[in-house]
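The structure appears below as structure tokens.
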Amino acid sequence: MQKTYISRQSQWWKDAVVYQIYPRSFLDTNGDGIGDLNGITLRLDYVQALGANVIWLCPVYASPNDDNGYDISDYRAIHPDFGTRADFERLLGEAHRRGIRIVMDLVVNHTSDEHAWFTAARADRNSPYRDYYIWRDGRNGTPPNNWGSWFGGSAWEYDEASGQYYLHIFSKKQPDLNWENPAVRGEVFDLMRWWLDQGVDGFRMDVISLISKPEGLPDGPPDGEFGDLSPLCLNGPRVHEYLREMNAQVLSRYDNMTVGETPNVTPAEALRYAGFDRGELNMVFSFDHTSLSDGPLGKWSGQKTDLGALKAVLANWQLALHQRGWNCLFWSNHDQPRAVSKFGDDRPAFRARSAKMLATCLYLMQGTPYIFQGEELGMTNAPFETIADCRDIESVNAYHRLVDGGSVSGEQMMRYIRQAGRDNARTPMQWTPGAQAGFTAGTPWIGVNPNYRQINAEAEQADSDSVLCYYRALLRFRRNNPVIRDGDFVMFYPESDSIFAYSRQFDGETLCVFCNFTDAEAPLPYTPPRIGQIVLRNYSEDAPLCSLRPYEAVVYYAEESGEC
Ligand code: GLC
Ligand code: CA
């Protein structure tokens, strides 16, 4: 008989503000040029002062680092680059002491090819581990199907010794796990329990919508040669069954939060992953808003995001999930360019103002804010000159595929990389105006952005008008105003191509948010609701609200409720 478990999950994640840490680039304490766990522990007060109460820790597990830790060779071991188990325990304890929870990255669509399961699987076709992965015979000397890998080339790698191909949706050092095998699910659930038993507070689940592959692994539409996934890999037939099993066996028995990474997800599909009534996950990341600037070469494009499209997408998600699910509010992460460079304006005259505007616009919507390290400083994209400045496997592979293949010139590709490459997010955190931005006493694993002398935490802490201080005020305001957590969402001026404005209403209160996404003065198309009390504004000089100044953001309570 099926047992029913009373879920131990409370809904604290609705009040969470998540600070995402990419440990390799956060703070190095031993001079090896690589950020480490002790560096994070040292900066917990900084995270707390910002107003975040959850840290999402990107992978810190043992890994050969083909994809910077997203290729895990031992799920229970800490990579020596990052420190020891004792360092981890200290970090967790110190975080909890400050009321900060820690959510781990769970990367279980694939392992590293150096994981013991894969070495056993590869060494012996009869090993019980063989079926932990997805092996197929070729088709007349070609791969079993036409799927492409996210990082370029076929998604299949031929294994000479055993005469079969294995599937790798990412690099060939990231073989996909076979979730159809109950033993694999058992292993994953075990390792999740193991971490939860140590006291971690949940998981960000890497490409979790890819774990169920379509029956028979058929050819998909001709693969985008630009590192697109075969759409057949997304939201496979058994994915919800697996997540419910995971929820019943693991998640529902702990007090934790879960967020799934789900590329190309629609709101309807998101509600299947994370609807309140589903018993799967708490929320999922949608990339609808980050992919609006894609062009014919996918993310490698010179396009800017169109404000009309951005407004439509974000409003759509607000409305579709209201009272049925929960949004993730993010502009950037370790796979995205810097928020202010992509969605705002990183020219010195506008950088700080537009960074504040962006935070205001997004983090007052319904959902859980995710702040990627350095975003709270208004850190910008980096001026990578040549591909030798880059470390990211995705950018390096794409460079060779597209430039060596003759699709674009090297200069053009570098422009694309400066605009969209993942390394923009991975340059070291800018702590001080001193050597290497205070990130390391040694040589950093990737170059520091040269603008650290102007943009750094030390300077911003001392300047009450800084992006950092604005973030603190914004998050403080958010914490104390339930309308932000619970209110509905109504957009003003949907047709405006310069202003993003909306109201949130709850319990007789109406909060209004007005943002100018351009570098020019923008008149309001019609008179907004009467101002009761202005609670936030990214200009210190007052001005009547009949137009918005460049990148201006104004937040106020309307005088008469219900009259927006
Ligand atoms: C996710 C991660 C990304 C990684 C990929 C493969 O998209 O965020 O960094 O390369 O999965 O694990
Ligand atoms: Ca270090």
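Every read-out reported here was derived from the displayed coordinates using simple, explicitly stated rules and does not represent laboratory data. Here the structure is a predicted model, which is why all the values come from computation and not from measurement. All Cβ positions, even for glycine, are placed from backbone atoms using ideal geometry, and neighbour counts span all protein chains on display.
Could you name the lysines whose alpha carbon sits less than 27 Å from that of K304, not counting residues in the same chain fewer than 8 places away?
Leaving aside lysines fewer than 8 places away in the same chain, those within reach of K304 are K342, K356.
Report, in whole Å, the centroid distance computed from the Cα atoms of region 261-276 and region 302-340.
14
Give me the base-10 log of I(q)/I(0) for the chain at each q in 0.07, 0.11, 0.12 Å⁻¹, Debye formula, one uniform scatterer per Cα, rounded to two decimals.
These q points yield log10 I(q)/I(0) values of -0.40, -1.04, -1.25.
Just from its helices, what would the mean residue ellipticity at 222 nm be for the chain, if runs of 4 or more DSSP H residues each count -39500 (n - 2.57) and the sum is divided by every residue, rounded to the nearest 500 deg cm²/dmol? Kindly include the intermediate steps, with their values, before the conclusion.
Numbers: 16 runs with 147 residues, N = 564.
After summing the helix terms and dividing by the residues of the chain, the value is -7500 deg cm²/dmol.
Quick one: compute the contact order of region 487-558, relative version, from alpha carbon pairs under 8 angstrom and 6+ residues apart, as a percent.
33
Compute the helix-to-body angle for 351-363: its Cα long axis versus the longest principal axis of the chain, expressed 0 to 90° and rounded to tens.
The helix 351-363 is inclined about 80 degrees to the chain.
Could you tell me the center-to-center distance, by alpha carbons, between region 382-408 and region 128-175 in angstrom?
Centre-to-centre (Cα) distance: 25 Å.
Provide, in order from the shortest bin, the percent of all Cα-Cα pairs of region 303-408 in each 10 Å bin, continuing until the bin that contains the maximum pair distance.
13, 36, 30, 18, 3
Between region 196-223 and region 464-537, what is the C-alpha centre distance in whole Å?
Region 196-223 and region 464-537 have Cα centres spaced 36 Å from each other.
What angle do you read, to the nearest 10 degrees and between 0 and 90, between the alpha-carbon axis of helix 182-198 and the longest principal axis of the chain?
Helix 182-198 sits at roughly 50 degrees to that axis.
Take the Cα gyration tensor of region 116-167, multiply each eigenvalue by 5, square-root it, and list the three semi-axes largest first, rounded to whole angstrom.
Those come to 20, 13, 8 Å.
Relative contact order for region 116-167 using alpha-carbon pairs under 8 Å, separation at least 6, rounded to a whole percent?
Worked out over region 116-167, it gives 32 percent.
Ordered by residue, what ³J(HN,Hα) values in Hz, to whole numbers, does region 458-466 give under the Karplus form 6.51 cos²θ - 1.76 cosθ + 1.60, where θ = phi - 60° and Gly and Pro are x?
With the stated coefficients, region 458-466 comes to 4, 5, 6, 5, 8, 10, 5, 9, 7 Hz.
Just add up the charged neighbours of R504: K/R +1, D/E -1, any other residue whose Cβ is under 13 Å from the Cβ of R504.
-2
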